[in-house]
1. Checking the conditions here, which among VAL22, VAL100 is β-branched (Val, Ile, Thr) and surrounded by 15 or more Cβ atoms within 10 Å (Cβ to Cβ)?
2. Would you mention how many residues in the stretch 103-128 are outside any helix (DSSP H, G or I), modelled with pLDDT under 85 and open to solvent by 100 Å² or more (accessible area, probe 1.4 Å)?
3. Being free of Cβ contacts under 8 Å to residues at least 40 places away in the same chain, touching a strand residue (DSSP E or B) at 6+ places or on another chain (Cβ under 8 Å) and open to solvent by 80 Å² or more (accessible area, probe 1.4 Å) is the filter here, so list the residues in the stretch 1-16 that pass it.
4. Do you know which of the residues in the stretch 25-43 that are within 19 Å of LYS4 (Cβ to Cβ) and open to solvent by less than 50 Å² (accessible area, probe 1.4 Å) is farthest from the chain's Cα centre (by Cα)?
5. For THR46, state whether it is under 23 Å from ARG123 (Cβ atoms), in contact with a strand residue (DSSP E or B) (Cβ under 8 Å, 6 or more places away or on another chain), polar (S, T, N, Q) and open to solvent by 20 Å² or more (accessible area, probe 1.4 Å).
6. I'd like the full set of residues that are open to solvent by 80 Å² or more (accessible area, probe 1.4 Å), assigned to a loop (DSSP other than H, G, I, E, B) and farther than 25 Å from MET1 by Cβ, limited to the stretch 65-89.
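The values are calculated or read from the model by the stated rules, or taken from the named source; none is laboratory data. It should be emphasised that the depicted structure is a prediction, and the values quoted were computed from it without experimental measurement. Backbone-built Cβ (ideal geometry, glycine too); neighbour counts: all protein chains shown. Ligands, DNA and RNA are excluded from the accessible area calculation, which covers all protein heavy atoms including side chains. Shrake-Rupley method; radii C 1.70, N 1.55, O 1.52, S 1.80 Å.
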Amino acid sequence: MKLKVKIAIPGKVVWENEVDEVNIQTTTGKIGILPNHAPIIATVETSVLRMKDNESQNPILMVISDGYLSLEKNSMFIATDRCILEDNINASKLEQDYKVALERYNNAEKPGKKYIANKALKRINACY
């Protein structure tokens, strides 16, 4: 038995498949989910989502932004603002984005702008 996982960003489903295990960071800590897990609803933090398929040697790694997770009857749905597969991360663009986000954070005068810049830094750091 496997977990059916669907990951969506605003406007579209970006990934859908079956896996044997999911490890994800929530606001209350990192959790591991296997088939037949009890139903759960959780708030997801910006982090690396790790999924394992026993038929493959390599885990599926994805950076996701803050969002929500629901699980019921081996069907998991993750709604997030952004998500990127590890294979699609561009190291040179990431470095450039980091410099821009750090500059915005350091120059932010209002708490709201500092908060947004901090979220960008957190998302970029999860890619490393």
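1. After applying the criteria, what remains is VAL22.
2. Of the residues in the stretch 103-128, 1 are outside any helix (DSSP H, G or I), modelled with pLDDT under 85 and open to solvent by 100 Å² or more (accessible area, probe 1.4 Å).
3. GLU16
4. Per the stated criteria, the residue is PRO35.
5. The answer is no for THR46.
6. ASP81, ARG82
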